[in-house]
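Asker: My questions will all concern the structure given below.
The values are calculated or read from the model by the stated rules, or taken from the named source; none is laboratory data. These numbers come from a predicted model, not from an experiment. Cβ atoms come from the backbone with ideal geometry, glycine included; neighbour counts cover every protein chain shown. Each accessible area value is taken on the protein alone, full model and side chains, heavy atoms only, with ligands, DNA and RNA left out. Shrake-Rupley method; radii C 1.70, N 1.55, O 1.52, S 1.80 Å.
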Amino acid sequence: MRMSRRGLVIQARTRWLLVGLALLFSLVLLMYLLECAPQTDGNGSLPGIVGENMGKEYYQALLQEQEEHYQNRATSLKRQIAQLKQELQEMSNKLKSLQEKKSPKVNGMNYQGTKEQVSNDLLEFLHSQIDKAEVSVGAKVPSEYGVIPFESFTSMKVFQLEMGLTRHPEEKPVRKDKRDELLEVIEAGLEVINNPDEEDGQDEDDGVGEKQLYSENDFVEGYYRTEKDKGTQYELFYKKMDGMEYRHVTLFRPFGPLMKVKSETVDISSSIINIIVPLAGRTEAFAQFMQNFRDVCIHQDKHVHLTVVYFGQDGLSEVKGILESVARETNFHNYTLVSLSEEFNRGRGLDVGARAWEKGEVLMFFCDVDVYFTAEFLNSCRLNAEPGKKVFYPVVFSLYNPAVVYVSQDLPPPVEQQLVHKKDSGFWRDFGFGMTCQYRTDFLTVGGFDLEVKGWGVEDVHLYRKYLHSDLMVIRTPVPGLFHLWHEKHCGDELTPEQYRMCIQSKAMNEASHSHLGMLVFREEIEAHLRKQAYRTHSEAVG
């Protein structure tokens, strides 16, 4: 049986200790022999020559003195040898104790470093790491800043929040270790799906045909996040091209091998999303929103209900006309228009829209009129919200002012061509919590929005904090299919100081990237430089 590395180290140290003690014992014996040997003093008298005049008493006294000296020395050496033997015995006892701890007795028999014991201890520790991490249940978090967000990825790209100087909102994994890590995770998920355990509750052969195998091409998207003291969690989704049935695999790497947490089939074919949009005015933006809604929800997804909560009377007829026009052209009638004769309040509008649904449980997507989403995002919404277990708070990619981004062009390109994840085109809106997917019962259970909040922004954060303080899991991750289109912001005087600060912060961040803002700030200096350069070139040409 192979001995562990720790056992080899202890054995080697003991061997060297024994060798050292043997050498020390030999040295002590050598000293003893040297001490007992007759001494010859070069200056001493030789018997019969110089010392023959000395009497017999002198030699007897000299012999007595030497004998006492040797006896004292022998006693001292015996005492030292006894101490060395005692230390050696103590060391042997310690070594034996360590070996017994390393190889515990089972039924009165010793076994040394069995693989079963080591494996059981390791698995127990790794499973304790999973239990400590926020994998199966949510953890109560004191504030929005305590949440560990996910980063999303496909087989080709990673969508990340932390950018810094070298990272981009969307990029291919450049470092080999990151590429290898994600490929390993995707392959591990395939292994779980294609070779299920009995605990997964999946029949390898359904009796109808051959077992359906998944490949890397069936990987749709994944999310991962790392809790620094526990490990890395991976949420993986696979789907065949011609089906609406997703396979969801959760893996966890507790700073060691990947461990399967669960493997399940998620059927979203009958999951309806109630998209709730609060609105006041903004009829042109609503017309643009409905164009995207027509393309994505009516023509592609086909499992969506739209609820529009409109504040006031100004523009209400135009909104009705847009909805009726879309209904006539597409034969789509799964929409509800709620009219409120009161001042705009986003939280109030979403609350009314949620309560207007009268068909039981439903998945809701709280949306704004300036948001552009894809069919893939709607599926992500379905996959990451679960009643009584988790809510989905995607991070929106917010587009900058196209007049600044595309200042070198005569006109900005169409909206569809602006939907790119680049530093100069937009940013991950990680301070925004307005776009969310959650089930109606969860929304009502936590108490919904704080309807006392008036104006902009804060009501979203309050609802988000309610979920953080609950037992539900909050899935927070950037998603590639959700964009916030740029529009002019107005921060009104009626806002509280906190709301006004948040509004100004949002307005500044939405305008342009750092480099483009720098170009705007130093525009006059740049233009003066260009004029000087042109004048210098003209002077040299004339001269």
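Asker: If the limit is 27 Å between Cα atoms, which of Lys172/Lys389; Lys140/Lys260; Lys132/Lys178; Lys172/Lys507 go over it?
Answerer: As for pairs spanning more than 27 Å Cα to Cα, those are Lys172/Lys389; Lys172/Lys507.
Asker: Taking the dipole about the Cα centre of the range 273-518, with the C-beta of Lys and Arg at +1 and of Asp and Glu at -1, give me whichever of Gln300, Phe449, Thr477 is farthest to the positive side.
Answerer: The residue sitting farthest along the positive end of the dipole is Thr477.
Asker: Using alpha carbons only, how many angstrom separate the centre of the range 486-543 from the centre of the range 342-361?
Answerer: The range 486-543 and the range 342-361 have Cα centres spaced 40 Å from each other.
Asker: Quick one: length gained pulling Arg328 to Gln64 fully straight, 0.36 nm per residue minus the C-alpha distance?
Answerer: Taking Arg328 through Gln64 to full extension adds about 81.8 nm, to one decimal.
Asker: Still on this model: Taking a probe of 1.4 Å, how large is the accessible area per residue of the range 492-543, in Å²?
Answerer: 81 Å²
Asker: Starting from the amide H of Lys262, placed 1.01 Å from N in the peptide plane, find each other amide H under 5 Å away whose residue is 5 or more places distant or on another chain.
Answerer: Thr250
Asker: Here's another thing I want to ask about it. Describe numerically, in nm with one decimal, the distance between label points set 7 Å from Cα along Cα→Cβ at Phe431 and at Val338.
Answerer: Using points 7 Å along Cα→Cβ, the separation is 3.0 nm.
Asker: Need the full-extension length gain, Glu488 to Ala82, defined as separation in residues times 0.36 nm minus the C-alpha distance. One decimal, nm.
Answerer: 136.9 nm
Asker: How much net charge surrounds Leu350 when only the other residues with a Cβ under 13 Å from the Cβ of Leu350 are counted, with Lys and Arg +1 and Asp and Glu -1?
Answerer: -1
Asker: Name the GluC sites (Glu not before Pro) in the range 405-508 that are in a loop by DSSP and that have at most 13 other C-beta atoms within 10 Å, would you?
Answerer: Answer in residue order: Glu452, Glu488, Glu494.
Asker: List the residues of the range 271-287 whose backbone N lies under 11 Å from a point placed 7 Å from the Cα of Arg294 along the Cα-to-Cβ direction.
Answerer: The answer is 287, whose backbone nitrogens lie closer than 11 Å to the label point.
Asker: Full extension from Asn194 to Val137: what is 0.36 nm times the residue separation minus their Cα-Cα distance, to one decimal in nm?
Answerer: That works out to 17.9 nm of additional length.
Asker: Related question: Counting Lys +1, Arg +1, Asp -1, Glu -1, what net charge surrounds Pro412 among other residues with beta carbon under 15 Å of its beta carbon?
Answerer: -4
Asker: Here is a further query. Give me the percent relative contact order of the range 239-361, please, defined on Cα pairs under 8 angstrom at least 6 residues apart.
Answerer: For the range 239-361, the relative contact order is 23 percent.
Asker: Treating only the Cβ of Lys, Arg, Asp and Glu as charged (+1, +1, -1, -1), what charge dipole size does the range 273-518 show about its Cα centre? Round to the nearest 20 debye.
Answerer: 600 debye
Asker: Rounded to the nearest whole Å³, what is the per residue volume of the convex hull around the Cα atoms of the range 370-425?
Answerer: About 93 Å³ per residue, rounded to a whole number.
Asker: For Gln417 and Ala285, FRET efficiency with R0 = 22 Å and r from the beta-carbon atoms, rounded to 0.05?
Answerer: 0.75
Asker: Moving on to the next point. What FRET efficiency comes out for the pair Gln313/Thr445, r = Cβ-Cβ distance, R0 = 60 Å, nearest 0.05?
Answerer: Step by step, r from the Cβ atoms, then E = 0.95.
Asker: For the range 209-287, with every protein chain kept in place, what is the accessible area per residue (1.4 Å probe, Å²)?
Answerer: Value returned for the range 209-287: 44 Å² of accessible area per residue.
Asker: Shifting gears a bit: Treating the Cα atoms of the range 436-521 as identical point scatterers in vacuum, please give the log10 of the normalised Debye intensity I(q)/I(0) at q = 0.21 Å⁻¹, two decimals.
Answerer: So the normalised log intensities work out to -1.16.
Asker: If you don't mind, there's one more thing I want to ask. Suppose each label sits 7 Å from its Cα in the direction of the beta carbon; what would the Arg179-Ser128 distance come out to in nanometres?
Answerer: 3.9 nm
Asker: What's the carbon and sulfur percent of the range 273-518's accessible surface, probe 1.4 angstrom, rounded to a whole number?
Answerer: 51 percent
Asker: Could you work out Rg/(2.2 N^0.38 Å) for the range 223-305, with Rg from alpha carbons only?
Answerer: 1.61
Asker: Per Stokes-Einstein, at 20 °C and 1.002 mPa s, what whole-number D in µm² s⁻¹ belongs to the range 273-518, with the Kirkwood radius over Cα pairs as the hydrodynamic radius?
Answerer: Rounded, D is 115 µm²/s.
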